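The values are calculated or read from the model by the stated rules, or taken from the named source; none is laboratory data. Keep in mind the model is a prediction, meaning the values are calculated, not measured. Positions of Cβ are generated from backbone atoms using ideal geometry, with glycine treated the same way; all protein chains shown enter the neighbour counts. The area values use the complete protein model at the heavy-atom level, side chains included, leaving out ligands, DNA and RNA. Shrake-Rupley method; radii C 1.70, N 1.55, O 1.52, S 1.80 Å.
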Amino acid sequence: MTNRERIDRLEREKQLAKEDWVQLLSTFTAEDREYAAEKARKISTGIFGKDIYFRGIVEFTNICKNDCYYCGIRRSNEAVSRYRLTLEDILECCQEGYESGYRTFVLQGGEDGWFTDERMEEIIRAIKERFSDCVVTLSIGERSRESYQRLYDAGARRYLLRHETASPVHYAKLHPAVQTLANRMRCLNDLREIGYQVGCGCMVGSPYQTADDLAEDMLFMGEFRPHMIGIGPFIPHSQTPFRDFTAGSVETTLMMLSLCRIMIPEVLLPATTALGTVRGDGRQEGVLAGCNVIMPNLSPLSVREKYMLYDNKVGTTDSAADGMARLAAQMEEIGYRMVSGRGDSPRMSK
Ligand code: 5AD
């Protein structure tokens, strides 16, 4: 089978055999990528038109108990100056975002034990009370099922938890032994059963990753069928054990994004900050590869430098309004427009 035939088959059957994934992901050419991107773009505009949804990320704590080898805010990085935002800080970020048209707030943070269920419930309820037409998305890592349920009951409706890699052997090369793929999967399944719109995803080009691993990611995502998928290139951070590895390939990232769109047509697919970091027009290219979401930063400017998951992260100097204006201009350049609104998954609107 040629790669074009594999892409056609994916469009028809919404999944490929493992061996076809491996072949496709290890041998695709620039022409194959354009072929996939064109299909992905058509599928995306067929469902979402030229509308790009935007979500505001509030990075409310950079304190983390985990020690992921790739991540700049890992526990062992003693060079990071740690912070927590107060409820008032968080509400202020949302207010600023609300005025710029944001209707989804993503509370993202390290796994910080200070943010107990009680404290998270208070934050979620306060945001829902003040901005009743907005959605609260959480991106706060692994917690118990009971905790996920409580946060759902407090009003959170979406949850982002990248699986990072669907191969247990590769997972163990990126994380200390106490962090397991099995628990990550337990979390993703609990979140979905509770009723969240769930996002998973992975890095492309992380250390020790093979085409086989990427094939496992596609197999997993095709089976799990998440509402959202976050995929970005690995980017080394100078204060982590992976400082000397090279960044992941933009081309492979774009190919993976297009294939995700073809495999799960209605998926909400952000052109990630990491993509915009490795290449100035990365987020435009992401949209042209089939992405339909952008997630600008709403964190206070004073803390942005402290939330560096990788080196040279973009968007650390723009205010909410400036960042929005810049992205809106970038989208217009390629014939798309940023639209306000909740931007729920077409599969579920709660
Ligand atoms: N390069 C790219 N992405 C990273 N993330 C963490 N560290 C890095 C890095 N060095 C991603 C992880 C995590 C998300 C919040 O950021 O996939 O789930």
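In the chain, the portion of solvent-accessible area held by carbon and sulfur atoms comes to 49 percent [1.4 Å probe, whole percent, DNA, RNA and ligands not counted]. Near residue 85: Cβ cut-off under 10 Å, other residues only, Lys/Arg at +1 and Asp/Glu at -1. The net charge is -3.
Solvent-accessible surface of the chain, taken per residue with a 1.4 Å probe and all protein chains present: 39 Å². Taking a ≥ b ≥ c as the square roots of the eigenvalues of the alpha carbon gyration tensor, the range 75-156 is oblate, as a/c is not under 1.5 and a/b does not beat b/c. Name all residues of the range 177-196 having a backbone nitrogen under 12 Å from the label point set 7 Å from the Cα of residue 65 along its Cα→Cβ direction, giving them as ranges. Zone members listed by number: 179. When the Cα positions of 152, 320, 275 are compared along the charge dipole of the chain, 152 comes out farthest toward the positive end, with charges on each C-beta of Lys, Arg, Asp and Glu. For the range 3-339, the Kirkwood hydrodynamic radius comes to 20.0 Å, computed from all pairs of different C-alpha atoms.
Assign one of three labels to the range 130-231, namely rounded, prolate or oblate, based on the Cα gyration tensor with a ≥ b ≥ c the square roots of its eigenvalues; rounded applies when a/c is under 1.5, prolate when it is not and a/b is larger than b/c, and oblate otherwise. Prolate is the answer for the range 130-231, as a/c is 1.5 or above and a/b outweighs b/c. Highest GNM mean-square fluctuation among 137, 246, 61, for the chain modelled with Cα contacts below 10 Å: 246. For residue 18, no lysines have a Cα closer than 17 Å to its Cα, not counting residues fewer than 8 places off in the same chain.
FRET efficiency for the residue 177 to residue 312 pair, using the beta carbon distance and R₀ = 30 Å, is estimated at 0.50. In the elastic network of the chain, a GNM with C-alpha springs shorter than 10 Å, the most mobile of 111, 78, 11 is 78. Shape class of the range 64-106 from the Cα gyration tensor (axes a ≥ b ≥ c, square roots of the eigenvalues): prolate, since a/c reaches 1.5 or more and a/b is larger than b/c.
Dividing the summed helix terms, -39500 (n - 2.57) for each DSSP H run of n ≥ 4, by the number of residues in the chain produces a 222 nm estimate of -13500 deg cm²/dmol to the nearest 500. Between the listed residues 241, 165, 49, the Cα displaced farthest toward the positive end of the dipole of the chain, a dipole computed from Cβ unit charges relative to the Cα centre, is found at 49. Cβ distances below 4.7 Å define possible disulfide partners, and in the chain the cysteines left without one are 64, 93, 94, 134, 187, 200, 202, 260, 291. Residue 88 exposes around 120 Å² of accessible area when a 1.4 Å probe is run over every protein chain in place. Label zone (residue 305, point 7 Å along Cα-to-C-beta; backbone nitrogen cut-off 15 Å) within the range 67-106: 79-83.
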